[in-house]
Structure formats: C-alpha cells, structure tokens
Amino acid sequence: MNATKLFPLLLLFLLPAGIIAGAADSPRERIALDAGWRFFKGDAPEGGTNLNYAAIRDWILPTANPFTTNGWVTRPEDEPVAGISFTRRDFDDSSWRLLNLPHDFGVEGPFDQALPGATGKLPWFGVAWYRKAFDIPESDRGRKIYLDVDGAMSYATVWLNGKCVGGWPYGYASWRVDLTPYVDFGGDNIVSIRLDNPPESSRWYPGGGIYRNVWLVKTAPVHVAHWGTYVTTPEVSAQLATVKLHVDVNNDSYADAAVSVKNEIFELKADGGKGQRVSSSTTDDLKININITPHQSASIQSQTAITNPKLWSLDKPNRYVVVTSIFQNGKTVDSYETPFGIRTIEFTVTNGFLLNGQRVPIQGVCDHSDLGALGSAINERGLERQIEILKSFGCNAIRTSHNPPSPELLDLCDRMGMLVMEESFDCWEHGKTKNDYHLLFDAWHERDWRAELRRDRNHPSIILWSIGNEVGEQNRPTNFWIGAELTAIAHQEDPTRPTTSANSDVKSGYNGFGTNEDVFGYNYKPWEYGKFRGANPDQPLFGSETASCISSRGEYFFPVTTNKAGGMADHQMSSYDLYAPRWATQPEAEFTGQDKYPFVAGEFVWTGFDYLGEPTPYDRTSRSSYFGIVDLDGFPKDRYYLYQARWRPNFPMAHILPHWNWPERTNQVTPVHVYTSGDSAELFLNGKSLGMKTKGPFEYRLHWDDVVYQPGTLKVVAYKSGKRWATDVMKTTGPANELTLKADRTQIADDGQDLSYITVTVADKNGLLVPRSKNHIKFEISGPGEIVATDNGDPTSFESFQAPEHNAYNGLAQVIVRAKAGEPGTIKLEAEADGLKSATIKIKSK
Ligand code: GAL
C-alpha cells in the first residue's frame, strides 16, 4: 500500500440544520425513482396564479437554505393553497399517462410552424404535473428521507401527501427537498410535482418536464450533508500528492452525537469499481472523533498523501474515490463516496493552459444540453456517444453553454478524459428574453451558484467556472459588482479553479468588467487578442466562443462565394464552411487569431452538435440549428474534417468536398476543397492531375477553384513534409438501389436505458451513399426493443421524432433503438423504402 500518513485536522463550524428526531441508524440508501410516474399536461382545477412562483415563493426559497450565507428563510406554517386535488393522496390519477423519467414533454411535439424557431418550434412550455406513489416502510422511521432532483424544467414545486415540501425554479439546477416531516412511515406516500415552464424564457430549446434523474435518498439522522464533501490536491508531483478532505456532517437529531469519521481512498477503475486502497485513517489515533450538538453541522478537515499518484489526464483519466464512513455508537451510520482526480491546472499569460504542467491547447466546443431527437431528456449512452464523436475529431473540451449540465455529463468527462468549462447563467439582471433568468437573478443567483459549485467541484474534468454568457452588464459599470460577487462566491466554494465569462462586447476587455474574472474569454474577437494582451498584461486569455459557422450536411450552392453572408438557398446553408452570421467568423479567422497569438489558451467553437432551436439564419422557419460541426444526429458535416485536420495533426487524413453527383453542372466550374492534416495535396479528376496545392501561412484548407465538372472520380493525395500522408476519393454514384443499416453498437444492455444508434444509408449498388436522396423510409422493430426516435439531421424537417418512419436527408437517416428492461434477446430492425432493396439489422440485448 502506498499510503503515507494521515494528519487529522479538526475544524468545527456550527450551522443550523433540519429538525427531526429519530433513531434509525442504518447507512444511506440512494434509490433511483425514475420508474412509474403519472404525467398530466395542464394545471389542477384549483391551480392558476395562486400556484405561480410569485404566490408560493416563501415555500420554495427555504429549499435553498444550505446555499445562502445571509438569506436563510423559514417555511410558513400553513399551506400555500389548501386542498389542491392533484396533490391529494386520494386523487385518482389512473387516467394520467404512465411513464418513466427522465421525460421531456416538449420533444414529443408536434412541431408547429406557429411556434418560435428559436426554441425549436416545439411545445416545451406550460404547466405540467407528475405524480408517483411509493412505499416507505415503518422500519425507516427515524431516518431522513430526501427527494433529489437532478433537473426539472422549470419552476418546480413539490408536495408530499398534500403538503408543500419546497421546490426550485431554475430548470438547469439540481436540488434536494426534505420529505421527512411529511412522510407516512409504514404507508403509501404520494409525491406530486408541478412544473410551470414559462414561454419566452429561453433563446434555445430548453425542453420541458422532469428531464433528468430523480432519486430517493434515505440517511441516518447523522450523515454527510448534501454535496458535503470537497477533495482538493494542493500539492502534486510525480512522487507525492497531498489530498485535503473536507466533510460536512449533519446531526439532524435531538441528541448530541459523538461520532468518528474515517476517510479511505481507493483507486477508481474505469468501470466505476473500486481498485486498491491507497490511503486510509484506519488506526485509532488517526480517527477523527467529534461531538455534534443537535440540529447542527460540523465541518471536518483532514489531510493525507498518496505516493506515486496516477494523474488524471486526457489520455489516462485516472481517478480515485474517497469513501467517507461515519461511526456512531460503534455502528457505521453513513458511508459516502466522492470520486476525484489528481491533476494540476494553470492558465498562464504567455503559454495558454497547462494540464499537469504541459501545455494543452483547448480544442473545445460549446454545446447545449439537448440530445437531438431525444430532446433534453438525459440519457447516459446518448451523452457518452456525443463525447466519443467529439473526441474523434480531436475535441478535448466542452463548454456547458449556458448553464449547469447533468451530473452524468460530468462523470463521463471525468471518465473519458474531456475538459469542461462549466457555465452558470445566460443572463444576470439584464434579461435576453421576457421570462428568462433575469426574473430570478436577485433572489436566486447566490443559491444557484453555490449549489452548482458544491455539486460539481470534485470533478477533475472541470477547469473553469463561467459566471455568465454575454451578459447585458458587460458595459454597465454600475453593475460590475455582480461579476465580482460571482467570482468571490466561486473562490469561497472552490479556490482551486479560475473563473471566467464569455464576453461579446469588445469593451469588456478594457472597461473594467473583465477584471472581475480570473481568465478572460472573448466571444468572436480573434483580431482583438494582441490588443487585449497589451492592455491586460497579467490576465490569461482564450476564445470562449468562436466561429458560429453555419452549414447543412450535404448541401452545396454555386457559385461558391467567400463572402461570409452568402451560401443560403432553400432554407439550407452551403457546406463549403465559409458562412457565418454578422457577429461571427469563418472557422479559419479563429485559427489565424490563435496562431498569431499563441499565448491564447484555445477556443470553444459554437457548436459541436447542431441543437434544437436557434436556426440562424432561418429563425422564422426552421426547427434546429446550423452551427454544429456535426448535425443534430451526430453525422459529420464537412466541417468535422476541417477541425480534425487542425486538432489531430498527427492523424493522417484528407477529405474532399463537395459530393460528385452534379449531372446538371456538366462542364461548369465546380470548386473542390480539401481538408487535410497534411501540408499539401494533389487533386485528380478521372486520373488527370488538377495540380498540387500547398497551404500558405494562415491557410487551413486547399482549394481548386476552377474544376470543371465531369462525372467520375475525384481523388486527392495529401503530403506532409514531402511524404505521402493520406488520400480520399469521391465518386459519382449510380442511382439509389438499396438501404443499408449500421449500428454504433450491436450489443446493448437490457436495462431499459441503453441505446443503439442505427445509421440508415441510401446507397447505390456499390454501397456508396447517394447524395441528395430524400427517400421516405419505414421502420419495423421486433424482439425486446423499441424505437425511441428517428431523425435525419435536416434543420427544416418537421417530421415527428417518434414516428417509425422518416425521410432520408442527403442520403442518411437515424433510428435510435432502446432495449426493454430485463428482456434479453435479439432485437430486429427492418427498413424499407419504395423502389429500394430493404435492409435488416440485429441488435443483441443482454
Ligand atoms: C452567441 C451566443 C450563443 C449563440 C451564438 C450563435 O452570441 O452566446 O448563445 O446565440 O451567438 O451564433
């Protein structure tokens, strides 16, 4: 065992805590509460403005008491509204829809042209209710019973057995309500949750519903507080890492609690299992003994060290886990696990970002939290697949624009080696839409921010806390105190990471706004980097949001203009990757800025994935965005290869665009562009050389502008430092002949959650994707699986995501299949379209 000594330090802070007596002393249980909810879209007959946030705020605010330093509030004694039928135990909800969480009612549609494009043309707003009955046995009497909600969109209010328990308005927050005072021990309990998702509250598709996981947590009266551990590694070398452990323990009982606390550290395996123990406070003299008075909390700090630590890095995301045990009267009354990683991070003024002392250029993307056709309902495999796709083109960082993400995303980033810039808010006091967070900011920003920081500060993947995106305060000096306050809160909760914000106003770099963040982020200002450095010689800098290039997969419009305002036709964007809105830039403008000013730490491209909503420049008519490097389904656009060429310089690759099926362009000039990680390339059309091209300074693509279209074969041979490096071929295809099906995974778990993503290709008789094909495809599934969604990545498509049929878009469609829980077997998916050979694929579910 490579443990060294553990040095217990003891600090006691007295804080108020909940008031509940009890003697049950078994350790915590955390039970998934996702299955079997009843759902109703609409309000209770007694509902209305009397249940709106403004009316019941006093019952909601106390939920956030642990996250405010000066705003502690007590719940009023009476009920906000008596006798709401939907909250009553005897209410008959059998006619309500039965479903499992996570659930997004918005994505179920239908799409409606009358609804705003900015939020995806989907009905995600309005009041909705969820109810669930669950048993709490008599043997739980004396324990604390909590409901942990990872996210509900939005303005949630919770009742248990007809009594208002609390709630939380911000739809991206995770929160806990204490059910204990209202629990019927030894009986059936009914939890009812009312959501009130206001229209005009978002600039993108937010989803609606309880769209993340929900948990029932049972603890002994003496237990680790909510998100009550904090692990830091103040000194790290190859030989030794010091590990500081901070544990908050609550005594929610009427008696003094004499407890001892033990922390053990284990290696954490990639699959989440525990490896060998590396450190522990096992001997009596190292055990921390404390006495906690009734209804108080104690903060315990101790320190240990790990010899030869296995560092967390992008290639080797090694992790450890602290197991905290609390003993009372000779019994273990709580056991709590905190995964963490050992690494150093530093933003420098001259040399960008350093991970473990080595420069790592930030090759990041901004992403919203929807999962395309799944909407905002969280799915772990959906998130994992997103990260796999991002990594495949060399992306190493995600900005969770513009809000806290699901806990699962952060766990995956930790596990898979992905950096995270975690954001809090899209606005402060100055709103961007009528009903957005500015209405909550004054009462909630401290509560939301502390809760976010406390939930997430143990994740090694997180390298930056973002206090906001393009906030309206950037050029309002009388409001600059807000940035100072948010940074101060971040430093209190987590002194180990810098803060930043994403700034769109060029003045924010000079007018004092930016001095309230540790690392400065410019949105879309690559030309400004040199000037910024001159004016701010001591502040690290990065591109917090870049490019915003817009393109539709597989669309090419002629003549090819290099004017960024061009490239529009038929509600689609040409995929030559030259087009961007007024405030944005071509991708290469940012590459140039990064290369001219190498002190800049890197960039976060807007966006990795297309997302629901914000379909600029077709905001009035389309449903999903054009900004993605990959489309809504994760299919690569041409831009995928532009970023891959830059971000994976040692990966031999070349990519030709456009496709080569242009019968109507025979003998017309049809420019050919090539993205390659090589430095030069020769292009051939039907075996004839069209010449060799070499990238000049600040050039990132090769292009042959006068190619005259003839059907046949384009071939590119790329070179690097004079050596043959990579090739790509683009052929004119024959007519569409067949469908082909390919699954990202042909074996999935039969847990009712795991997914197989199946790509449907319209192919010619040689199996080549036929460009521009839009065939209508029907799907049939048999065996223990179900189709959860179908799509094609077309931002203009209003076809239902749930229908077992879909048009192809430029040769591709997608079917997302889920295995039924507890029913192993073979799932069979068939696809057929008029005039094409059909296809079948088998997925094993185990
Ligand atoms: C930025 C904004 C993003 C998104 C993007 C589109 O200004 O921060 O949320 O709207 O523009 O280009």
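The values are calculated or read from the model by the stated rules, or taken from the named source; none is laboratory data. Treat the numbers as computed from the prediction; the structure is a model and nothing was measured. All Cβ positions, even for glycine, are placed from backbone atoms using ideal geometry, and neighbour counts span all protein chains on display.
Among the conditions (1) crowded, with 16+ Cβ neighbours inside 10 Å; (2) touching a strand residue (DSSP E or B) at 6+ places or on another chain (Cβ under 6 Å); (3) among the polar types (S, T, N, Q), the only one that T694 does not satisfy is (1).
Considering A377, A373, the condition of being outside any helix (DSSP H, G or I), among the aliphatic types (A, V, I, L, M) and more than 16 Å from the ligand (Cβ to nearest atom) is satisfied by A377 alone. Within the stretch 543-563, the residues that satisfy the criterion of being in a loop (DSSP other than H, G, I, E, B) and at positive phi are S548, G554.
Residues in the stretch 697-708 that are of a type outside the set (V, I, T), surrounded by 14 or more Cβ atoms within 10 Å (Cβ to Cβ) and either farther than 19 Å from Y576 by Cα or touching a strand residue (DSSP E or B) at 6+ places or on another chain (Cβ under 6 Å) (or both): R701, L702, H703, W704. In the set E422, E452, only one residue is closer than 22 Å to V519 by Cβ, modelled with pLDDT of 95 or more, acidic (D, E) and under 10 Å from the mean Cα position of the chain (by Cα); that residue is E422. The condition (being more than 30 Å from L240 (Cβ to Cβ), at pLDDT below 95 and crowded, with 18+ Cβ neighbours inside 10 Å) is satisfied by just one residue among G47, G106, G83: G47. Checked against (1) under 26 Å from L371 (Cα atoms); (2) over 25 Å from the mean Cα position of the chain (by Cα), T592 passes all but condition (1). Here are the criteria: (1) polar (S, T, N, Q); (2) under 27 Å from P198 (Cα atoms); (3) more than 16 Å from the ligand (Cβ to nearest atom). Tell me which single one N458 does not satisfy. The failed condition is (2).
Comparison of K693, K742, K715 shows that the only residue that is closer than 24 Å to Q814 by Cβ, modelled with pLDDT of 95 or more and part of a strand (DSSP E or B) is K742.
A quick yes/no check of all residues on (1) within 13 Å of the ligand (Cβ to nearest atom); (2) touching a Cys at 6+ places or on another chain (Cβ under 6 Å); (3) in contact (Cβ under 8 Å) with a residue 60 or more places away in the chain:
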{"residue": "R533", "(1), (2), (3)": "no, no, yes"}
{"residue": "S544", "(1), (2), (3)": "yes, no, yes"}
{"residue": "E555", "(1), (2), (3)": "no, no, yes"}
{"residue": "T562", "(1), (2), (3)": "no, no, no"}
{"residue": "M568", "(1), (2), (3)": "no, no, no"}
{"residue": "Y576", "(1), (2), (3)": "no, no, yes"}
{"residue": "E588", "(1), (2), (3)": "no, no, yes"}
{"residue": "T592", "(1), (2), (3)": "no, no, yes"}
{"residue": "A601", "(1), (2), (3)": "no, no, yes"}
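Just a yes or no: is a residue in the stretch 809-821 among the polar types (S, T, N, Q) and in a strand (DSSP E or B)? Yes, the stretch 809-821 contains at least one residue that is among the polar types (S, T, N, Q) and in a strand (DSSP E or B). Which one is nearest to I84 (Cα to Cα) among residues in the stretch 152-166 that are assigned to a strand (DSSP E or B) and of a type outside the set (A, V, I, L, M, F, W, C)? Of everything passing the filter in the stretch 152-166, K163 is nearest to I84 (Cα to Cα).
Hey, does the stretch 182-205 have a residue that's on the phi > 0 side of the Ramachandran plot and surrounded by 23 or more Cβ atoms within 10 Å (Cβ to Cβ)?
Within the stretch 182-205, none of the residues are on the phi > 0 side of the Ramachandran plot and surrounded by 23 or more Cβ atoms within 10 Å (Cβ to Cβ).
Of the residues screened, Y641 is one that is in a helix (DSSP H, G or I), of a type in the set (F, W, Y) and away from the ligand (no atom under 16 Å from the Cβ). Listed by position, the strands (runs of 3 or more DSSP E) contained in the stretch 262-361 that have at least 2 residues being of a type in the set (A, V, I, L, M, F, W, C) are 288-292, 296-307, 319-328, 331-340, 345-347, 353-355.
Scanning the stretch 465-489 for residues that are away from the ligand (no atom under 16 Å from the Cβ) and among the β-branched types (V, I, T), we see that the one that is nearest to H438 (Cα to Cα) is I482.
For the stretch 82-120, a residue qualifies if it is within 21 Å of A789 (Cα to Cα) and either assigned to a loop (DSSP other than H, G, I, E, B) or free of Cβ contacts under 8 Å to residues at least 12 places away in the same chain (or both), and the qualifying residues are N100, L101, P102, H103, D104, F105, G109, P110, F111, D112, Q113, G120. Among the conditions (1) among the small types (G, A, S); (2) within 19 Å of the chain's Cα centre (by Cα); (3) at positive phi, G364 misses just one, which is (3).
With respect to A584, is the statement that it is within 16 Å of the ligand (Cβ to nearest atom), outside any loop (DSSP other than H, G, I, E, B) and modelled with pLDDT of 95 or more true? Criteria not met by A584. Residue count for the stretch 649-675, restricted to those that are under 11 Å from P711 (Cα atoms) and part of a loop (DSSP other than H, G, I, E, B): 6. Out of all the residues in the stretch 643-691, which are buried (at least 16 other Cβ atoms within 10 Å of the Cβ), within 19 Å of G567 (Cα to Cα) and aliphatic (A, V, I, L, M)? Those that are buried (at least 16 other Cβ atoms within 10 Å of the Cβ), within 19 Å of G567 (Cα to Cα) and aliphatic (A, V, I, L, M): I656, L657, V672, V674.
Close contacts from the stretch 34-54, counting a first residue that is under 15 Å from Y155 (Cα atoms) and a second that is acidic (D, E) and in a loop (DSSP other than H, G, I, E, B), with Cβ to Cβ under 9 Å and a gap of 6+ residues or different chains, come to L51/D43.
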